[in-house]
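What follows is a short report on a single structure.
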Amino acid sequence: MTGASSWSFREEDARAIQTILSGFLAESNARTALIVDRTGQMVATVGESPRFDPTAFASLTAADFSANDQLARMLGEPEFGALFHQGERESMYLADVARRVILVVLFDNRTTLGLVKLRVKTAVGQLTQVFTEMFSREGTSAPGVASEFLGEAEDEIDKLFGA
């Protein structure tokens, strides 16, 4: 596990995140848990290895969360703390962690959205504590959103919508 943007993990941070995500997967029966930072960098993957390009996935995840933040503001909400995308066989649940990173949970019919949502609350609380401590130790208030990553995310969105 490596850091992203202007921050980095210590070994104990990586262990704590691994432990939290492994416990969450065991309790929720989800397949994979990923941590993506807000600039579109993949930070951590626990569970089954994804069958997709992690770089593109991380970029699109950050763009998705960013777009939904804008939609929330349009509706008068400060943010949407969680998103859910349901497919026929595969679904994903995304949750904000400390306004710095995104927890992405990939799951199938081995579990239910209700169980994932129930178990994700504890995991998000534990991850928020780890990331808050990590950022305060690093002396960073939050990772800066690098414009190159935002540009890549916007390019991915444009491709999706044919712009």
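Read-outs throughout are calculated quantities, based only on the coordinates presented, and are distinct from any laboratory measurement. Since the model is a prediction, treat every value here as computed from it, not as a measurement. Using ideal geometry, Cβ is built from the backbone for each residue, glycine included, and neighbour counts are taken over all protein chains shown.
Between Gln129 and Glu79, 0.36 nm times their residue separation minus their Cα-Cα distance comes to what?
That works out to 16.0 nm of additional length.
Quick check on packing: order 28-41, 96-109 by the mean number of other C-beta atoms within 10 Å, highest mean leading. Don't skip to the answer; put the middle values down first.
Working: 28-41: 23.1, 96-109: 20.6.
Highest mean packing first, the order is 28-41, 96-109.
So for Ser136, Ser22, Ser66, fewest C-beta neighbours within 10 Å to most, what's the order? Could the numbers behind the result be given before it?
On the way: Ser136 10, Ser22 13, Ser66 17.
Placing the least packed residue first, the sequence is Ser136, Ser22, Ser66.
Go ahead and collect, in residue order, the members of the range 78-108 whose backbone nitrogen is under 14 Å from a label point 7 Å along the Cα-Cβ direction of Ala72.
Under cut-off, by backbone N: 78-84, 94-103.
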